[in-house]
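The block underneath contains the structure these notes are about, expressed in structure tokens.
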Amino acid sequence: LEEFLSSNGVQYEHHSLATDPAAVEYLRGRNIKSVPVTIIDEDEVIIGYYPKKLIPALNLNVTVDLSKKTDWLAEKYDIVLNGAIRATQQLTDVQLQQEVPWRPWSVRDCIVHIISFPELAWLSHKQGSMTPDDMAASNVRIKDVATVETISQYGQRVMADIDAFLKSGNDPSFDRVVPAHYGGEVTVVELLNIILSHSTHHLKQMYWHMEEGLGIVPLNPVTEAQTEGIVTPEALI
């Protein structure tokens, strides 16, 4: 969102909820529960990174080229999801059930999360949302995806579905605005972009745990060069 505003010469004030309690209270006072949020002249509220609303609201003379974004996303999802599959195939079914140290998850939970969130972002073009209820339903649906073989098959299927979608040229579906737990109201393409960052961060965590917790050196891990352009938090855990 900041890159979009800056690149189009928009003057704005940035407030981080992590360091600005007044901003938190301001949003609570306006009953705004999702971020990022852009507030224009105290009157117009735009939740999420939503160029089709931001452009007319800010009187910008720009267009949104989805074709370049979808090609880039298809390439990066292929890299990240293949990385998750390769990591899975270095593990045993017993190791998949061991806990990771940073949250109440098993190794299986973390790897399946890396795959299932992209699937949910893709499915949002059909079901119209990516909410906590959608996430809970997904967890039930994939509860038996718990072995090296079934996780690998699941990852291959999700990767193929996302690749076909992003290469479909289906602009109405790309442009569909959906409510999402991550990002507020966003287009499906922007949701896929947000979740790509989310999954990449978790993949980096899994590589760390394989080395530090399981004594396994990842084979052919995804590199920083391969994930160039994917924004992830600086802190690993």
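The values are calculated or read from the model by the stated rules, or taken from the named source; none is laboratory data. Fair warning: this is a prediction, and the values are worked out from it, not measured in the lab. In this analysis, Cβ positions are derived from the backbone assuming ideal geometry, glycine residues included, and neighbour counts consider all displayed protein chains. Ligands, DNA and RNA are stripped out before the accessible areas are found, and what is left, the full protein with its side chains, is counted by its heavy atoms. Shrake-Rupley method; radii C 1.70, N 1.55, O 1.52, S 1.80 Å.
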request  = With all distinct Cα pairs included, what does the Kirkwood hydrodynamic radius of segment 166-237 come out to in Å, to one decimal, could you say?
outcome  = 14.2 Å
note = As a percent rounded to 5, the proportion of antiparallel DSSP bridges among beta bridges in the chain is 90 percent
task = For segment 53-140, take the alpha-carbon Rg, divide it by the Kirkwood Rh, and send me Rg/Rh.
result = 1.11
message = Out of the total accessible area of the chain (probe 1.4 Å, heavy atoms of protein only), what percent is carbon and sulfur?
response = 50 percent
query = If we count trypsin sites (Lys or Arg not before Pro) as exposed when they sit in a DSSP loop and have at most 15 other beta carbons within 10 Å, what is the longest stretch of the chain that avoids them all?
reply = 34-142
ask   = Per residue, how much accessible area does the chain have with a 1.4 Å probe, in Å²?
value = 53 Å²
note = Taking Cα atoms only, helix 66-88 is inclined relative to the longest principal axis of the chain by an angle, in degrees rounded to 10, of 30 degrees
remark   = Taking 0.36 nm per residue of separation between residue 45 and residue 212 and subtracting their Cα-Cα distance, the length gained on full extension comes to 55.6 nm
(i) 23.4, 96; (ii) 20.8, 74; (iii) 18.9, 57, with the label sought being that of the calculated Rg and Dmax of the Cα atoms in Å = (iii)
remark   = Quick calc of log₁₀ I(q)/I(0), segment 102-212, Debye, one scatterer on every Cα, no solvent, q values 0.10, 0.18, 0.20, 0.23 1/Å, result -0.29, -0.92, -1.11, -1.37
ask   = Using a Förster distance of 25 Å, how high is the FRET efficiency between residue 175 and residue 129, based on the Cβ-Cβ distance and rounded to 0.05?
value = 0.95
message = On a straight-distance basis, which lysines could pair with residue 53 in a cross-link, Cα separation under 19 angstrom, same-chain partners fewer than 8 positions away excluded?
response = 33, 69
query = Which of the GluC sites (Glu not before Pro) found in segment 205-237 are in a DSSP loop and have at most 10 neighbouring Cβ atoms, other than their own, within 10 Å?
reply = 224, 228, 234
query = Nearest 20 debye, what's the magnitude of the dipole of the chain about its Cα centre given +1 on Lys and Arg Cβ and -1 on Asp and Glu Cβ?
reply = 540 debye
